[in-house]
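Heads up: the structure comes next, in structure tokens.
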Amino acid sequence: MQHASPQEFKPQVVSSLGQAAILRQVYEQADLGPLAARLISRAGVADPGAALDLSTLLLAQGGLWAEEGRVMQRAASQAQQSFEVVHGAGTGPRVLALVTPGDFMANTPIDFLLSGSDAVLIQHFVDEETESLDNLPPHDVVFMAVGEGPENAGVLRNLSRLLKDHPGRVLNNAPGLIARLSRDRVSEMLADIPGVLCPATRRIGRQMLMASARTGRFFDFPSVLRPVGSHAGKGLVKVETSADLTAFLAISPEDDFYCAPFVDYRGLDGLHAKARVVLIKGQPFASHMACSPHWMVHYLNAGMETNANCRAMEAAWMEAFDTGFAKRHGSALQAIADRLGLDYFGLDCAELSDGRLLVFELDVAMIVHDMDSESLFPYKKPAMKKLFGAFVAVLKD
């Protein structure tokens, strides 16, 4: 993205529905035909806002549609850098989020975090070629929303330069630190914090794994493996034998992987309970908790909609969060927050039987939302309202 000088370019913002409004309809399985037709009729150079919204709709469909969505998103962001999403009455803070093209986990989900507010979100697209931030539209606060990932490494390096002497208020102004939130570096970062177990994770190449499968050396069983850059359990496996490792490599074409020792975090009930906690200015908030008899737990694969017992567990966890989970792990969470120094980030974690906090991942771009059915998950709205309210309060400080 090439920026013109302030004399040559007058900042312009175009309207967008935003990810939250579109994904809410997808999540609720609404008829998307009318929305798609409207966006298709408007999309193009003349309306990059419609093109950006259509790219969001395509990304949500997955598969080949998602690839087309990525192409359209990048084209829209090249035609227009700034897109405005109005929440509520639009009388609240004007929040400028520095974002970069990518999937739903490329940037902090700030559109969702503003749900229920009167804020105006301005998504300003940047990439590794952005020359300056001199053309930012009027705003009250900047939020550096680009998350860690191989595809974002160059963008974050560039943002370190661009934000070094930025005169205004910038939240999460730590692109260099965020770039280090890879799974291997996070395990090193948290290794000496009392009450925390973040399994030592290493990045390992395909050739080394193939040699390990043949010889049994350089590898400890059981371990979990995943391709570098993968999320939401994609490509994640537990390998217990050399045969498992050989089978994994046969179906995984990637060259680089993260490897960590497997930790059994089952509770006395035989279930694995995995929680997502968000820290805002060091204060923890409940986002969700999923439980499953299977070790690999993600909210979308845990079947929470069909399991009343697990929903009851999540409800109890959320309702007693401040006096329960957050209190039990208060010192550990505070130490993590102090170590990172970020205004906002999330962690996926679990409680071990010995009382330690098992940390799977830290990230600024974890999905945090309030889209779940209110009839099935009546306890979620209050928890998410509290989280969103705290986020907006920080923007106003």
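The values are calculated or read from the model by the stated rules, or taken from the named source; none is laboratory data. Just so it is clear, the model here is predicted, and its values are computed rather than measured. Cβ sites come from the backbone with ideal geometry, for glycine too, and all protein chains shown count toward neighbours.
Exactly one residue out of S77, S55 is under 21 Å from the mean Cα position of the chain (by Cα), over 23 Å from H369 (Cα atoms) and assigned to a helix (DSSP H, G or I): that is S77.
Note on segment 200-211: residues that are in a loop (DSSP other than H, G, I, E, B) and either over 18 Å from L245 (Cβ atoms) or of a type in the set (G, A, S) (or both) total 1. Would you be able to say whether some residue in segment 345-355 is on the phi < 0 side of the Ramachandran plot and in contact with a helix residue (DSSP H, G or I) (Cβ under 6 Å, 6 or more places away or on another chain)? Checking segment 345-355: not a single residue is on the phi < 0 side of the Ramachandran plot and in contact with a helix residue (DSSP H, G or I) (Cβ under 6 Å, 6 or more places away or on another chain). Considering only residues in segment 113-144 that are more than 21 Å from the chain's Cα centre (by Cα) and acidic (D, E), the one that is farthest from R161 (Cα to Cα) turns out to be D118. Within segment 233-244, is there a residue that is closer than 29 Å to Q334 by Cα, part of a loop (DSSP other than H, G, I, E, B), outside the structural domain of R356 (by TED's automatic domain parsing) and not aromatic (F, W, Y)? Looking through segment 233-244, at least one residue is closer than 29 Å to Q334 by Cα, part of a loop (DSSP other than H, G, I, E, B), outside the structural domain of R356 (by TED's automatic domain parsing) and not aromatic (F, W, Y).
Answer yes or no as to whether R226 is closer than 18 Å to D348 by Cβ and touching a strand residue (DSSP E or B) at 6+ places or on another chain (Cβ under 9 Å). In short, yes. A Cβ distance below 9 Å, combined with a sequence gap of six or more or placement on separate chains, defines the contacts here; from segment 138-150, residues that are more than 10 Å from I122 (Cβ to Cβ) reach residues that are assigned to a strand (DSSP E or B) and of a type in the set (S, T, N, Q) in the pairs A145/N107; A145/Q123; V146/N107; G147/N107. Only one entry in P194, P199 is within 17 Å of D363 (Cβ to Cβ), at pLDDT 90 or above and out of contact with any Phe, Trp or Tyr (no Cβ under 7 Å at 6 or more places or on another chain), namely P199.
Could we say that V263 is aliphatic (A, V, I, L, M), in contact (Cβ under 8 Å) with a residue 60 or more places away in the chain and either assigned to a strand (DSSP E or B) or touching an Asp or Glu at 6+ places or on another chain (Cβ under 8 Å) (or both) here? The answer is no for V263.
For segment 134-151, a residue qualifies if it is over 20 Å from G102 (Cα atoms) and in contact with a His (Cβ under 8 Å, 6 or more places away or on another chain), and the qualifying residues are D134, N135, L136, P137. For segment 185-207, filtered to residues that are polar (S, T, N, Q) and crowded, with 16+ Cβ neighbours inside 10 Å, the residue that is nearest to the chain's Cα centre (by Cα) is S187. Picking from residues in segment 340-378 that are β-branched (V, I, T) and more than 21 Å from G324 (Cβ to Cβ), the one that is surrounded by the most Cβ atoms within 10 Å (Cβ to Cβ) is V364.
Of everything in segment 78-109 that is of a type in the set (S, T, N, Q) and more than 24 Å from D363 (Cα to Cα), the residue that is surrounded by the most Cβ atoms within 10 Å (Cβ to Cβ) is Q81. Do we find that R214 is outside any strand (DSSP E or B), surrounded by fewer than 18 Cβ atoms within 10 Å (Cβ to Cβ) and either in contact with an Asp or Glu (Cβ under 9 Å, 6 or more places away or on another chain) or of a type in the set (D, E) (or both) in this structure? Spelling it out, it is not the case that R214 is outside any strand (DSSP E or B), surrounded by fewer than 18 Cβ atoms within 10 Å (Cβ to Cβ) and either in contact with an Asp or Glu (Cβ under 9 Å, 6 or more places away or on another chain) or of a type in the set (D, E) (or both). Looking only at segment 205-250, residues that are of a type in the set (K, R), modelled with pLDDT of 85 or more and more than 24 Å from V297 (Cα to Cα) come to 1 in all.
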